[in-house]
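I'd like to ask you about the structure that follows.
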Amino acid sequence: MASSSLVRIAVVGDISENFNSIQILSGDFGEENVPLVQSVAALTFPKAVILGNHDAWFTLDFPRKQKQNGVQMQLDILGDEHVGYQRMDFPSLKLSIVGGRPFSNGGDRLFRKNLLVQRYGVHDMDASAGSICRAAHGTPEDHVAIILAHNGPTGLGSQAEDICGKDWVDEAGDHGDPDLEQAIRQLKETTKLSVPLVVFGHMHKELQRGKGNRKMVVQDGDNQTVYVNGAIVPRVKEAKERGAAESESGGTTRAFTLVEILDGKIKKIAEIWVHVNGSRAKIVEENTLFEDVTLI
């Protein structure tokens, strides 16, 4: 927190087994990569995490006789920092993180339904939307809420390049989560809760079949909420791949999506590339994705 009213949040989506210090993680650490999740849990700064579809890659259910499996171990390690269907409050920041549906694979079907039924009692999309809403209820009145999900909601476009658009089929289509759209709509219609930001990943920035890049930030029609996709994949590259200066050769460059919130409103969102070489770190590229000029 840079001041009493400015909050900066670093977002990473779809780590895919490449990780370093961040604050909000939207899942897909790797195929049930328990050691990596242990590294995340060991970080000492405030953070919120939601598991993605790759984090339930092998585990189909929670059998009674098998006390431990990859998913259960990840959930046990993360504890309350896994925000699936629950809320984390940060009173000093006047901010709350509300979790969406864990293990999402996008689209209109529940992925790993047995896991959702056994752990959360969620049998269908309506029940999932209700669970998200219940997690948001009770948010302190002076807090803004950030929704953290693995995949984004439906309703944000159906072109291949849209923030949740299908890029692997010629006819494209909307691959968002209908339960997340339903929950956000219900919260806006039935509560006074401020939801300025929805953060997710899953749908990679670089489109398949050489179609270019995905839209990673969109704002809704009433300008109340900004949707951010943090799935820059791969997010860790050799420095030479990013065209680093000779003085910055060696090491790696690593991507983050940086969000600035001023007095409960989204001020700026930028894609940041940081050059890391040993103990040295330096920002080498910054691309502004969204900026509210009224807050400058």
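The values are calculated or read from the model by the stated rules, or taken from the named source; none is laboratory data. Predicted model, so just to flag it, every value in this text is computed and none were measured. Cβ coordinates were reconstructed from backbone atoms using ideal geometry, including for glycine residues, and neighbour counts include every protein chain displayed. We work out accessible area using only protein heavy atoms, side chains counted, and drop any ligands, DNA or RNA first. Shrake-Rupley method; radii C 1.70, N 1.55, O 1.52, S 1.80 Å.
Restricting to region 74-112, name every residue that is among the hydrophobic types (A, V, I, L, M, F, W, C), under 15 Å from residue 151 (Cα atoms) and either surrounded by 22 or more Cβ atoms within 10 Å (Cβ to Cβ) or in contact with a strand residue (DSSP E or B) (Cβ under 7 Å, 6 or more places away or on another chain) (or both).
Of the residues in region 74-112, the ones among the hydrophobic types (A, V, I, L, M, F, W, C) are 75, 77-78, 83, 88, 90, 93, 95, 97-98, 103, 110-111.
From the residues that got through so far, the ones that are under 15 Å from residue 151 (Cα atoms) too are 83, 98, 103, 110-111.
Passing the criteria: 83, 98, 103, 110.
Considering only region 50-68, state which residues are modelled with pLDDT of 90 or more and open to solvent by 70 Å² or more (accessible area, probe 1.4 Å).
Passing the criteria: 57, 58, 60.
Next question. Over 29 Å from residue 139 (Cβ atoms) and touching a Gly at 6+ places or on another chain (Cβ under 7 Å): which single residue out of 281, 239 fits that description? Lay out the reasoning, then the answer.
Working: 281 fails: touching a Gly at 6+ places or on another chain (Cβ under 7 Å).
None of the other options fit; the residue is 239.
For the structure I just gave you, tell me whether residue 219 is of a type in the set (S, T, N, Q), in contact with a strand residue (DSSP E or B) (Cβ under 9 Å, 6 or more places away or on another chain) and surrounded by fewer than 24 Cβ atoms within 10 Å (Cβ to Cβ). It would help to see each step written out before you state the result.
Numbers: of a type in the set (S, T, N, Q): yes; in contact with a strand residue (DSSP E or B) (Cβ under 9 Å, 6 or more places away or on another chain): yes; surrounded by fewer than 24 Cβ atoms within 10 Å (Cβ to Cβ): yes.
In short, yes.
Going through region 120-150 one residue at a time, which ones are over 22 Å from residue 48 (Cα atoms) and either crowded, with 21+ Cβ neighbours inside 10 Å or in contact (Cβ under 8 Å) with a residue 24 or more places away in the chain (or both)?
Passing the criteria: 125, 126.
While we're here: Mind listing just one residue for me: the one in region 165-186 that is charged (D, E, K, R) and open to solvent by 40 Å² or more (accessible area, probe 1.4 Å) and, of those, farthest from residue 125 (Cα to Cα)? Even if it seems obvious, please write down each step before you answer.
Pass one, region 165-186, residues charged (D, E, K, R): 166-167, 170-171, 174, 177, 179, 181, 185.
So of that shortlist, the ones also open to solvent by 40 Å² or more (accessible area, probe 1.4 Å) come out as 166, 170-171, 174, 181, 185.
Working: 166: 20, 170: 27, 171: 25, 174: 16, 181: 10, 185: 14 Å.
Result: 170.
If only one of 71, 117 is free of Cβ contacts under 8 Å to residues at least 12 places away in the same chain, open to solvent by less than 70 Å² (accessible area, probe 1.4 Å) and either farther than 26 Å from residue 166 by Cβ or outside any helix (DSSP H, G or I) (or both), which one is it? Explain how you work it out, then say what you get.
Details: 71 fails: free of Cβ contacts under 8 Å to residues at least 12 places away in the same chain.
Result: 117 is the single residue among 71, 117 that is free of Cβ contacts under 8 Å to residues at least 12 places away in the same chain, open to solvent by less than 70 Å² (accessible area, probe 1.4 Å) and either farther than 26 Å from residue 166 by Cβ or outside any helix (DSSP H, G or I) (or both).
Name the pairs whose Cβ atoms lie under 9 Å apart, with the first residue in region 195-208 and of a type in the set (Gly, Ala, Ser), the second in a strand (DSSP E or B) and modelled with pLDDT of 95 or more, and 6 or more positions between them or separate chains?
201/229
Which one is most open to solvent (accessible area, probe 1.4 Å), of the residues in region 29-48 that are more than 22 Å from residue 91 (Cα to Cα) and among the charged types (D, E, K, R)?
Taking the candidates together, the pick is 31.
Can you name the residue in region 1-36 that is modelled with pLDDT of 85 or more and touching a Lys or Arg at 6+ places or on another chain (Cβ under 9 Å) and is also farthest from residue 102 (Cα to Cα) among such residues?
Per the criteria, the residue is 6.
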